[in-house]
C-alpha cells in the first residue's frame with residue numbers, strides 16, 4: 001500500500017515538475033502501453049545464446065570483456081581481445097534490468113524493485129546468488145519518448161517494454 | 001542498535017571470509033561508461049534510486065548490505081567517481097559528495113538549476129579541477145520545443161562551490177570521456193563524435209578531429225582504444241594518434 005502511494009506521489013511530482021499548468025485530465029489517442037511480466041519471471045536469470053543489440057544502455061569494460069545493456073532484457077557480453085575480430089559470447093537474460101555494474105566475479109543489477117547479485121564467473125552458466133527485495137523504485141514511464149501513456153499498474157507485474165497502442169482515458173504523460 | 005549492526009557486520013565479514021578471499025582491490029577491475037547509476041568503490045557500491053543515493057557494503061560481495069541512504073531531489077541519473085569524490089548528474093543539478101568515509105557519502109555542494117526546464121541525462125566526467133557535463137532538453141510536452149543542449153564546464157577547485165566556467169552548444173549530447181587533453185562527446189543529434197581540446201579548461205576548442213557515427217550513446221576510453229556504443233552496436237577506435245582517429249573494429253554479427 002505504502003509503495004503504491006509512493007508511486008502515485010512520484011507520478012504527481014513528475015507531472016507538475018515541468019508543466020506548471022498541466023491540468024488533471026484524461027488523454028485519448030496513440031500512446032504507449034506497458035508490457036508486463038509476472039514477478040516470478042524476474043528470477044529467470046540465465047545465460048542464453050548471443051543476440052543482436054536492439055536498444056543499448058550502460059556499457060562496462062572488464063579486462064577483455066565488453067558488457068552492453070539491452071534495455072529491460074539483459075546484457076550482451078563480447079570478447080574484445082582482438083579489436084578486428086570481436087566475439088559475441090553470450091546474452092545474460094536479466095528481465096526488467098535497466099542498469100548494472102560488475103565487481104570481481106559478481107554482477108549487480110536492478111531487477112524491477114529488487115537489487116540482484118549474479119555470479120558471472122562462468123559466463124555460460126550465470127546464476128543469481130542474492131536478491132534484496134523492494135529496495136529500488138523503477139522508472140515508471142517510457143524512456144526517450146514524449147507523449148501520453150498508460151500509467152504503470154505495479155500489481156500487474158514488472159514492466160519489460162512499452163508498445164504503441166490506442167489509449168482511452170490515459171492518465172499519464174511524459175514531462176521531459 | 002548500532003552495536004547490533006556492527007556485530008552483524010563483523011559476523012557477515014567473518015562469514016564472507018569463509019567463502020571468499022576478502023580482497024576489495026579485485027572489485028575495481030573494470031570501468032563503466034559515463035552514463036550509469038551503479039558504481040563500486042573500495043568495497044562499497046553506490047546505487048542511484050530516483051531521489052536517493054544508496055550505499056551498499058560489499059563486505060560479503062554476494063549479499064550487498066544497505067548501510068547508508070542520502071536523500072536528494074528527484075532526477076538522479078549518472079554517477080562518476082574521481083579523486084575520492086562522487087559526482088552526480090541529475091535532471092536539475094550537479095551534486096558533489098565527499099567519500100572520505102566511503103560508507104557514508106556527504107554532500108559537499110549542489111549547483112543551482114541552470115535552466116528552468118527539466119532535462120535528461122547529464123553525465124559528468126572530471127579531470128583535475130574541472131568537471132565536464134553534457135545536458136540536453138528534448139522536445140517538451142508543454143509545447144516549448146526548446147533545445148538547450150550543451151557541454152558545461154565547471155571549475156571545481158572548491159568542491160563546495162563549483163563555478164560554471166563556460167558552456168558550448170551541442171545537438172543532443174550523451175556520454176563523454178577524455179584522453180589526455182582531448183574530450184570526446186557522443187552527439188546523437190548530429191550523429192557525430194565531437195572532440196574538444198581541453199588544454200585550457202576556461203576556453204575549450206572544438207577540433208575537427210571528430211568522426212561521424214550513427215546515434216552514439218556512450219563511450220569508454222581504455223589506453224589507446226576507445227569503445228563507442230550506439231543504439232544498436234558498438235565500434236572500436238584507435239586513438240593513439242589524435243590526428244588520425246581510426247575505426248579498427250566493430251561488433252561481430
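Just so it is clear, none of the values below were taken in a lab; they were calculated from the coordinates. This structure is a prediction, so every number in the text was calculated from the model and none was measured. Reconstructed Cβ throughout: ideal geometry from the backbone, glycine too, with neighbour counts over all protein chains shown.
With axes computed from alpha carbons, what is the tilt in degrees of helix A:2-18 against the longest principal axis of chain A, rounded to the nearest 10 within 0 to 90?
With both axes taken from Cα atoms, the answer is about 70 degrees.
Is the shape of the stretch A:46-132 rounded, prolate or oblate, going by the alpha carbon gyration tensor and its root eigenvalues a ≥ b ≥ c, with a/c under 1.5 for rounded and a/b larger than b/c for prolate?
Here the stretch A:46-132 falls in the prolate category.
Please report the antiparallel percentage of DSSP beta bridges with both residues in the stretch A:92-176, rounded to the nearest 5.
Antiparallel: roughly 100 percent of the beta bridges in the stretch A:92-176.
Rounded to the nearest 500, what is the 222 nm mean residue ellipticity of chain A from helices alone, with -39500 (n - 2.57) per DSSP H run of 4+ residues and division by all residues?
Taken over chain A, the calculation gives -3000 deg cm²/dmol.
Cut-off is 10 Å between beta-carbons; in what order do A:168, A:59, B:148 appear when sorted fewest neighbours first?
Numbers: A:168 11, A:59 26, B:148 14.
The order, fewest Cβ neighbours first, is A:168, B:148, A:59.
Using a 10 Å cut-off around each Cβ of peptide A:54-67, what is the average number of partner chain Cβ atoms that fall inside?
Counting Cβ atoms of other protein chains within 10 Å of each residue's Cβ and averaging gives 6.
For A:152, B:35, A:135, what's the fewest-to-most ordering of other Cβ within 10 Å of each Cβ?
Ranked by crowding around the Cβ, least crowded first: A:135, A:152, B:35.
Rounded, prolate or oblate: which fits the stretch B:129-253 when a ≥ b ≥ c are the square roots of the eigenvalues of the alpha-carbon gyration tensor, with rounded for a/c under 1.5 and prolate only if a/b beats b/c?
oblate
Would you kindly state how much longer the chain becomes between residue A:122 and residue A:134 on full extension, computed as 0.36 nm times their sequence separation minus their alpha carbon distance, in nm to one decimal?
Details: separation 12, 0.36 × 12 = 4.32 nm, distance 2.77 nm.
Length gained, residue A:122 through residue A:134: 1.6 nm.
Please compute, for peptide B:53-61, the average count of beta-carbon atoms on other protein chains lying within 10 Å of each residue's beta-carbon.
Per residue, the number of nearby Cβ atoms from other chains is 3 on average.
What list do you get for B:186, A:172, A:151 if you sort them by fewest beta carbons within 10 Å?
A:151, A:172, B:186
Run through the DSSP bridge list for the stretch A:11-166 and note the antiparallel percent, rounded to the nearest 5.
Antiparallel bridges: around 100 percent, rounded to the nearest 5.
Mind jotting down the distance between the C-alpha centroids of the stretch B:176-242 and the stretch A:97-152, whole Å?
So the separation of the two Cα centres works out to 28 Å.
How shielded is B:189-202 by partner chains, expressed as the average number of their Cβ atoms within 10 Å of its Cβ atoms?
Counting other chains' Cβ atoms within 10 Å and averaging over B:189-202 gives 0.
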